[in-house]
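Laboratory data are not the source of any read-out in this text; all were calculated from the coordinates shown. What you are looking at is a predicted structure, and each value in this text was computed from that prediction instead of being measured. Ideal geometry is used to build each Cβ from the backbone, glycine not excepted, and the neighbour counts take in all protein chains shown.
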Amino acid sequence: MTSVLMAEALRLQILQQARGAHPAECCGLLLGAREGQRFRVTGLYPARNLSSDPQRFEIDPRDHLAAQRLAREGAAAVIGCYHSHPSGAAMPSIADRAGAAEDNFLWLIAGGAKGDESLNAFVYSRGVFTGADWVTSSG
Ligand SMILES: [Zn+2]
């Protein structure tokens, strides 16, 4: 089973960003390392959402490049992305399925009722999103 190791502080940061972007979707990139079946997230890179459709997100390619540069400087990699569903479930949408491209890429999706948002983890590979387990760390 695939798992995600991420500090609670980073999880809260994504939920906070999701609330701040409401009613639009927030988005960003996940920095860290793949360790076998485990994705270790060590940093976030909030990105501009270029989509004019509030039901979609499109990460600004300049932010994607900047995140890759930052990751390399820290001997890490861009291992995934995150975004929010301001009025939907924390599950991959049809638009997400259509937009996903990179295999073995971690997707964190924030969604749910306002004030009670949750963050779920999925790994995209060969056309399929598979749920991943959370392993939170305090560090
Ligand atoms: Zn989505």
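Projecting the Cα positions of L119, A98, V135 onto the charge dipole of the chain (unit charges on Cβ atoms of Lys, Arg, Asp and Glu, taken about the Cα centre) puts V135 furthest along the positive direction. Expressed as a whole percent, the proportion of Cα-Cα pairs in the range 20-130 lying more than 22 Å apart is 28%. Which whole-number percent is the relative contact order of the range 31-102 (Cα, under 8 Å, 6+ apart)? About 30 percent, as a whole number. The simple spin-label model puts a point 7 Å past each Cα toward its Cβ; for E102 and L50 those points are separated by 1.5 nm. Think of it as helices only: each DSSP H run of n ≥ 4 in the chain is worth -39500 (n - 2.57), and spread over all residues that comes to -7000 deg cm²/dmol at 222 nm. Each part gets one Cα centre, and for the range 89-127 versus the range 1-38 those centres are 11 Å apart. Across D63, D116, D96, mean-square fluctuation computed from a Gaussian network of the chain (C-alpha pairs under 10 Å connected) peaks at D116.
Between A9 and R69, the contour length at 0.36 nm per residue exceeds the Cα-Cα span by 19.3 nm.
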